[in-house]
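A short worksheet on the structure shown next.
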Amino acid sequence: MTGPDLLKRTIFYKVGHHGSHNATLKDHGLEQMTALQAAVIPVDEAEAQKKRWGRMPLPDLIKALEAKARPNMVFRTDQKPANSIGNVVIGDDYIEVQL
């Protein structure tokens, strides 16, 4: 089993590094996730701005994840989803996704 093999089989992705520019490779990462269904970005954008950490999460990364995953299946830990989905449970401190 190789890294590219694992990426092709990825259905759930916990985004690294708060969704920053260091979070996810494009060509050797996200572009290879052909089976991606859902992603979670562990981020607190307000705190990142307060600490001057730059753009977290990166808007281009969010767009790329939304293009790859199923509709309404990219979540941020600092925001409640706008649309309720039957296979997703959102608590105050957790997101449960059934794929």
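The set of residues from region 85-94 being open to solvent by less than 90 Å² (accessible area, probe 1.4 Å) and either in contact with a Cys (Cβ under 6 Å, 6 or more places away or on another chain) or part of a loop (DSSP other than H, G, I, E, B) (or both) comprises 85, 86, 87, 91.
Contact annotation: no residue pair with Cβ atoms under 6 Å, 6 or more positions apart or on different chains, pairs a residue in region 74-87 that is closer than 17 Å to residue 11 by Cα and at pLDDT below 80 with a partner that is part of a loop (DSSP other than H, G, I, E, B) and of a type in the set (Gly, Ala, Ser).
Within region 35-58, is there a residue that is open to solvent by 90 Å² or more (accessible area, probe 1.4 Å) and closer than 27 Å to residue 87 by Cα? For region 35-58, residues open to solvent by 90 Å² or more (accessible area, probe 1.4 Å) and closer than 27 Å to residue 87 by Cα: absent. Within region 11-34, how many residues are free of Cβ contacts under 8 Å to residues at least 60 places away in the same chain, open to solvent by 30 Å² or more (accessible area, probe 1.4 Å) and out of contact with any helix residue (DSSP H, G or I) (no Cβ under 6 Å at 6 or more places or on another chain)? Final tally of qualifying residues: 11.
Can you spot a residue in region 33-45 that is over 17 Å from residue 95 (Cα atoms), touching an Asp or Glu at 6+ places or on another chain (Cβ under 7 Å) and in a helix (DSSP H, G or I)? Yes. From the list 82, 67, the lone residue that is part of a loop (DSSP other than H, G, I, E, B) and open to solvent by 70 Å² or more (accessible area, probe 1.4 Å) is 82.
The values are calculated or read from the model by the stated rules, or taken from the named source; none is laboratory data. Small disclaimer: the values here were computed from a predicted structure and weren't measured. Neighbour counts run over all protein chains shown; Cβ positions are idealised from the backbone, glycine included. For accessibility, only protein heavy atoms count, side chains too; no ligands or nucleic acids. Shrake-Rupley method; radii C 1.70, N 1.55, O 1.52, S 1.80 Å.
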